[in-house]
1. Which residue, Arg78, Arg177, Arg339, has the most motion in a Gaussian network model of the chain that connects Cα atoms within less than 10 Å?
2. Enumerate the calculated ³J(HN,Hα) couplings along the stretch 348-356 in order (Karplus 6.51 cos²θ - 1.76 cosθ + 1.60, θ = phi - 60°), each rounded to whole Hz, writing x wherever the residue is Gly or Pro.
3. Between the stretch 288-345 and the stretch 247-272, what is the C-alpha centre distance in whole Å?
4. Can you give me the long-range amide H partners of Thr326? Hydrogens built in the peptide plane at 1.01 Å from N, cutoff under 5 Å, separation of 5 or more residues or another chain.
5. Which of the residue pairs Lys90/Lys134; Lys271/Lys322; Lys221/Lys351 have a Cα-Cα distance greater than 32 Å in the structure shown?
6. About the Cα centre of the chain, how large is the charge dipole given +1 on each Lys and Arg Cβ and -1 on each Asp and Glu Cβ? Please answer in debye to the nearest 20.
7. Comparing Ala181, Ala41, Ala243, which has the greatest mean-square fluctuation in the GNM of the chain with Cα pairs linked when under 10 Å apart?
8. Taking the chain as a Gaussian network, Cα atoms linked when under 10 Å apart, which of Leu142, Leu282, Leu156 shows the biggest mean-square fluctuation?
Amino acid sequence: MRSTRKAGWSDRSVRIGAVGAAMLIAAAAALAQTGDAAAVADFAAGPGNGSYSFASSTPRMLADAMDRNRQRPAATARGQLMLPAGPAAKVPAVLLVHGSGGLYPALADFWGKRLNEQGIAVFIIDIFGARGVKSTAEDQSLVPFSADLADSFAALQLLASHPRIDRERIAVMGFSRGGNAAWRAAVNKIAAGLSNEGLRFAAHIPVYSGGCTGITSVTVKPGVFGPAPMLWIHGDEDDYTYASDCQDFAQRIRAAGTPVEFVLIPGARHKFDADDGRRHQLPFVTKAKQGCPLEFDVDALTFRDRRTGAAIPASEVGAFSKANCTTTGATVEGDRKAREAAAKAVDAFLKQVFKL
């Protein structure tokens, strides 16, 4: 597993409230990018760049996502399609999944443009907007985590129907909470429950990912994850989702048989790809404690204490999580040098995966 080491990152600090006016303005601008989305059943007609809404669902919990026979309330998702310029040849695609703060400008203005320059189509999904939610940073229950997965697989189906997109070369890249969706989409039982026509993502890129520990983590063992390669990217100064937890989790996935690369960026904090280079203190956001031992066994459909392997009764999961896993407060800070280092790692990884 590779680790990238660089020194000399800046250390800027600006204390604000729970979110801060600047971040709210940026979030509002990002949400406005979706505009009025055109409703589509598929992309078979080969539509061009624009915002589209499509059918999805909102599974209440992970077991609902894995079992097609369980009830999944219908939902509408939406996304922004960005196709690369050039001849009408088939191109690979990357699905971008936002985090708890919702859409933010860099998803399109940095990642979308950069991937387009590599000849890669981009689809940025807005999980919260159509559900009437702007952020889940202080209350993750506003949108079930399984909804992120449902929208991701619905978007995969949509992209696979586009005549310009190679259905065998579609990757998912997620940030923070979206990183959680990016790696959980590699779980075989989740894919079996949500994917149609056997479609799977060709690669998974969790960036400063959530869920490496805690209630959305899973018990790692052979056969749980599929064979598609993973690229994990994390900052070593992240105090929102801890790099050490994700390194350990990624290593266990690798040991179980999935190809995994981990890039650690020195000095980078959470949301290092944002344009805002100030350090924001977010005292009220919820997060998992470092080293939280809670995980979900997708085979036994039960929560476990990773330290002992013991099953945790459903009636005790809440108390266990509160005592061992749940806390508040974190910082975020955009860092363009860190973002560029991450982008170079993504470029190299996708060049190999997509055979560009």
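1. In the Gaussian network model the winner is Arg339.
2. 5, 5, 6, 4, 6, 5, 8, 6, 7
3. Distance between centres, Cα-based: 14 Å.
4. Counting only residues 5 or more places away or on other chains, the set is Lys289.
5. Numbers: Lys90/Lys134 34 Å; Lys271/Lys322 25 Å; Lys221/Lys351 29 Å.
Result: Lys90/Lys134 exceed 32 Å.
6. Details: 41 positive and 34 negative charges, 85 e Å.
Dipole about the Cα centre, nearest 20: 400 debye.
7. Ala41
8. Result: Leu142 has the largest fluctuation of those listed.
The values are calculated or read from the model by the stated rules, or taken from the named source; none is laboratory data. Quick caveat, the model's predicted, so the values are computed rather than measured. Ideal geometry is used to build each Cβ from the backbone, glycine not excepted, and the neighbour counts take in all protein chains shown. We work out accessible area using only protein heavy atoms, side chains counted, and drop any ligands, DNA or RNA first. Shrake-Rupley method; radii C 1.70, N 1.55, O 1.52, S 1.80 Å.
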